[in-house]
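Here the structure is laid out as structure tokens; the discussion comes afterwards.
The values are calculated or read from the model by the stated rules, or taken from the named source; none is laboratory data. Predicted, not measured: the structure shown is a model, and the values here were computed from it. Every residue, glycine as well, gets a Cβ built from its backbone with ideal geometry; the counts of neighbours run over all protein chains shown.
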Amino acid sequence: MPSAQLIDGKAVATDLRAAVAARVGGMYARLGLRPGLAVVLVGEDPASQVYVRNKHKQTEACGMQSFEHRLPADTAQADLLALVARLNADDAVDGILVQLPLPRQIDAQKVIEAIDPAKDVDGFHPINAGRLATGQPALVPCTPLGCLMLLDRTLGAEMAGRHAVVIGRSNIVGKPMAQLLLGRDCTVTIAHSRTRDLAETVHGADIVIAAVGRPEMVRGFWIKPGATVIDVGINRLPPAAAGGKDRLVGDVNFEEAKAVAGHITPVPGGVGPMTIACLLSNTLQAACARRGIDMAT
Ligand code: NDP
């Protein structure tokens, strides 16, 4: 049975981090500047704690300054907004990331809109979303940006004119992903929970991006032979056997899809590692833009 080529997100992320570290090193040597990333965590969500720890480690590993702000779960919205205002005004901070989800008493949209768009390294501010949608330079959400980089490496100019189906329409993944694919001249369909005949829609796709949050929902027989499949999903399932470890699976049934697709990302080791690498790249981009430094040098 034929088997798809694996898209190695871990390797691409390692290359991207090394490229960012080299540019950060050059910036420090020439100008004595280190880009700074501030990460704000409210509460004690275990998954968020792991993400924040990894972000901190990788930020320092590539030579940037990492500023961590941990606030209690009962933090008032006004106090979080006051912290964001201080970070907006702090010249050492080039990027601000407020880890989502936020506790119930805080309106996440208000917080996102309080971040200076020039420091919005998550790319969630409406100014950045609007710039992306209108084809202007923007800070782009890290996960779809990582998916695009994997597609650029896998298909390159071959993406033009291809039919891409994005399953999921969140502001964090699906919508910006669709904009990025349009920017590569794909013909884009966005599918969601109300889409009729999802299997048939996906079967028409040369490129499938699954960002649903439903374990192994996309079946192998949905995939057009030779298609490129990018699985954004991260779903934790209980161990297959008693006493075993939890399993991480994507939104695509990997074993089935691998037998049909031309290229596919594994979970873990596909899109996941790209997200933090793109955050570092966005922080460097924000630092260069804010400080008037040519990105290419
Ligand atoms: P959301 O829950 O915000 O969005 C899920 C989307 O999937 C919605 O648009 C929803 O449609 C759609 N959907 C739900 N059920 C179905 C269905 N049965 N058929 C078709 N569409 C459906 O999730 P996110 O976009 O934040 O994340 C998606 C996945 O990506 C998750 O597994 C998440 O863990 C993962 N993720 C991974 C990251 C990484 O670093 N690799 C980072 C961010 C997310 P509707 O709008 O109609 O409700």
Number of positions in segment 173-186 that are away from the ligand (no atom under 12 Å from the Cβ) and either among the aliphatic types (A, V, I, L, M) or out of contact with any Lys or Arg (no Cβ under 7 Å at 6 or more places or on another chain) (or both): 7
Give the number of residues within segment 136-146 that are touching a helix residue (DSSP H, G or I) at 6+ places or on another chain (Cβ under 6 Å) and either within 13 Å of the ligand (Cβ to nearest atom) or more than 26 Å from LYS55 (Cα to Cα) (or both). 6
Looking at segment 110-120, which of its residues are over 15 Å from ASP94 (Cβ atoms) and either free of Cβ contacts under 8 Å to residues at least 12 places away in the same chain or crowded, with 18+ Cβ neighbours inside 10 Å (or both)? VAL111, ILE112, ALA114
Answer yes if at least one residue in segment 40-59 is of a type in the set (A, V, I, L, M) and in contact with a helix residue (DSSP H, G or I) (Cβ under 6 Å, 6 or more places away or on another chain), and no otherwise. yes
Among what's in segment 42-64 and is polar (S, T, N, Q) and surrounded by fewer than 16 Cβ atoms within 10 Å (Cβ to Cβ), pick the residue that is nearest to SER281 (Cα to Cα). ASN54
Sort out which residues of segment 121-143 are surrounded by 14 or more Cβ atoms within 10 Å (Cβ to Cβ) and touching a residue at least 40 places away in the same chain (Cβ under 8 Å), and write them in order of number. VAL121, ASP122, GLY123, PHE124, ALA129, LEU132, ALA133, LEU139, VAL140, CYS142, THR143
Can you find a residue that is among the polar types (S, T, N, Q), touching a residue at least 40 places away in the same chain (Cβ under 8 Å) and surrounded by 16 or more Cβ atoms within 10 Å (Cβ to Cβ) anywhere in segment 182-192? no
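Would you confirm, using the coordinates I've provided, whether ARG236 is within 12 Å of the ligand (Cβ to nearest atom), closer than 25 Å to VAL12 by Cα and surrounded by fewer than 15 Cβ atoms within 10 Å (Cβ to Cβ)?
So ARG236 passes the test.
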Restricted to segment 147-172, and to residues that are among the small types (Gly, Ala, Ser) and within 16 Å of the ligand (Cβ to nearest atom), which residue is nearest to ARG214 (Cα to Cα)? GLY168
Given the conditions (1) closer than 27 Å to ALA257 by Cβ; (2) surrounded by 14 or more Cβ atoms within 10 Å (Cβ to Cβ); (3) at pLDDT 95 or above, which single one is not true for ALA11? (2)
Could you grab me the full set of residues in segment 31-76 that are free of Cβ contacts under 8 Å to residues at least 12 places away in the same chain and over 29 Å from ARG104 (Cα atoms)? GLY32, GLU60
Could you count how many residues in segment 198-224 are more than 11 Å from the ligand (Cβ to nearest atom) and more than 15 Å from ALA261 (Cβ to Cβ)? 1
Would you mention how many residues in segment 262-295 are over 23 Å from the mean Cα position of the chain (by Cα) and of a type in the set (A, V, I, L, M)? 1
Restricting attention to segment 9-27, which residues are touching a Gly at 6+ places or on another chain (Cβ under 7 Å) and over 15 Å from LEU279 (Cβ atoms)? LYS10, GLY25
Being in contact (Cβ under 8 Å) with a residue 24 or more places away in the chain and exposed (fewer than 15 other Cβ atoms within 10 Å of the Cβ): is that true of ALA160 here? yes
Residue list for segment 55-107, restricted to those being within 21 Å of PRO35 (Cβ to Cβ) and either modelled with pLDDT under 95 or over 22 Å from the mean Cα position of the chain (by Cα) (or both): LEU83, ALA85, ARG86, LEU87, ASN88, ALA89, ASP90, ASP91, ALA92
